[in-house]
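The block underneath contains the structure these notes are about, expressed in structure tokens.
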Amino acid sequence: MTAPARVGPPRHGRAPQPARSTSAGSVALAGLGVVGELLITAGVLLLAFLVWQLWWTDVEGNRAQAEIVRNLDWAQAPTTAPSAAAGPGATAGPAATPAVVIAAPHRGEDPPVDVEPDLRTTFATLQVPRWDGEPERPVSEGVDKATVLDSLGIGHYPGTVMPGAIGNFAMAGHRTTYAKPFNRVAELQVGDPIVVRTASTWYVYRVTSTEIVRPQDVAVIAPVPGKPGVAPTERSITLTTCHPMFSARERFIVHGVLDYWAPVSEGVPAEIAGGA
């Protein structure tokens, strides 16, 4: 009878080892997990950046620009007596709101023109009746993005004329982010008023045209817009901003000319007092 085969470890070599618990597949899965976590983190950070860029900068910008306007040490336009004075037999009611004095337009004489100020100095404000609901915005010297447009609002191109002067009073402003003062620029129509105020004077311009140009087309802010080298005869205004929305590929341009001016001491332009 043949002896049974011997069961046990072989005479030579090591005994078989148990299989490793970590395989190539599990390593790959772990790597994918790390990549997934990194992508999620990147997505959260990107979303936070977009919220900050598209929303929070508007919140901060609107607050800062409103504070700049409030802190301007300028005289207020006069008001009349209450618009609804109590007469015989009048019943008691809420206090009447004083009516604003409407300033008479000055067209037959040259307007006062201020000297161009130092960089970052706020010297004017801008209101556009077409943009109903938009606040009065400050206008400061310079168009540097970080120190003027991002922090102060609308910027005046240095070297272009001041409000009311013969030539081109040219400004730049954000269309998105940082309170986006020129966000609604595409709504403007020919004939719309653009109201600029300095410490002592109102300047009411009227839109004459709009256009879309390349960023390098700087002739739009020439003394005669679009005609560099030509001597100006009109008192012009130009607004510039990025186009299309959320892009700097082109520039949206609005041109206008001065309609009239009025001293602040004589009242408020009808265009921003609900009269026109």
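The values are calculated or read from the model by the stated rules, or taken from the named source; none is laboratory data. Since the model is a prediction, treat every value here as computed from it, not as a measurement. All Cβ positions, even for glycine, are placed from backbone atoms using ideal geometry, and neighbour counts span all protein chains on display.
Summary table below
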| quantity | calculated |
| --- | --- |
| Checking Val148 against (1) touching a Phe, Trp or Tyr at 6+ places or on another chain (Cβ under 8 Å); (2) more than 17 Å from Pro193 (Cα to Cα), the condition it does not meet | (1) |
| Pair list, Cβ < 6 Å and 6+ apart or interchain, from region 237-255 residues that are closer than 15 Å to Thr208 by Cβ and buried (at least 18 other Cβ atoms within 10 Å of the Cβ) to residues that are modelled with pLDDT of 95 or more and among the acidic types (Asp, Glu) | Ile253/Glu211 |
